Amino acid sequence: MNTGTDRALTELIERYEHAFNTNDAKAMNDLFADTPVFVNFSGNLVKDKESLHRAQSFVFGPGGPLEAISVSYAVESITHLSAELAVIHARQRTRRTETTDNDREDPMEAIFMAVAQRTGGEWQIKIGQNTPVM
């Protein structure tokens, strides 16, 4: 385990969470490599950064399905494939308020898997998949 690298990978997921919760499609898109592949929560496959940004702008935009949703991510595992490549698995959960019924099923619970690639000293998401927990 590389503590410095693991911290940098955890921070990548923290920045992803922040972009999600602030509906910042540009900030989220900036976390991805130039040629990403992403399977979203609905199972749609997106193969380029421009298409990914369009999809992110839609879901986070006014009236979009994620506009009023807030989530948290907890990194559950990091697997190092090489010095420049790692797989991160994080659990996504809906952030609840004190008025939310905590006993109901979480419609946003998912496992977010990201293959992170370090390019020029910066970690970016090269491949991602957000799989709902049933």
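Yes or no: segment 37-60 includes at least one residue that is exposed (fewer than 14 other Cβ atoms within 10 Å of the Cβ) and touching a residue at least 40 places away in the same chain (Cβ under 8 Å). No, that holds for no residue.
Quick one: which residue in Asn29, Asn23 is modelled with pLDDT of 95 or more and at positive phi?
Result: Asn23 is the single residue among Asn29, Asn23 that is modelled with pLDDT of 95 or more and at positive phi.
Here Pro62 meets each of (1) of a type outside the set (Ser, Thr, Tyr); (2) in a loop (DSSP other than H, G, I, E, B); (3) under 25 Å from Gly4 (Cα atoms) with one exception, condition (3). Look through segment 17-34, keep the residues that are within 17 Å of Thr119 (Cβ to Cβ) and in contact (Cβ under 8 Å) with a residue 24 or more places away in the chain, and return whichever of them is farthest from the chain's Cα centre (by Cα). Only one residue tops the list, namely Ala33.
The number of residues in segment 6-52 that are outside any helix (DSSP H, G or I), among the hydrophobic types (A, V, I, L, M, F, W, C) and either touching a Ser or Thr at 6+ places or on another chain (Cβ under 6 Å) or over 17 Å from Trp123 (Cα atoms) (or both) comes to 4.
Annotation: of all residues in segment 68-96 being assigned to a strand (DSSP E or B) and among the polar types (S, T, N, Q), the one that is nearest to Phe20 (Cα to Cα) is Ser72. Scanning segment 66-95 for residues that are surrounded by 14 or more Cβ atoms within 10 Å (Cβ to Cβ), small (Gly, Ala, Ser) and free of Cβ contacts under 8 Å to residues at least 60 places away in the same chain yields Ser70, Ser72.
Selection within segment 96-121: residues that are modelled with pLDDT under 95 and within 19 Å of Asn29 (Cβ to Cβ). The member of this set that is surrounded by the most Cβ atoms within 10 Å (Cβ to Cβ) is Thr119.
The values are calculated or read from the model by the stated rules, or taken from the named source; none is laboratory data. Predicted model only: the values in this text are computed from it and were never measured. Because the Cβ atoms are built from the backbone with ideal geometry, glycine has one as well, and the counts that use them run over all protein chains shown.
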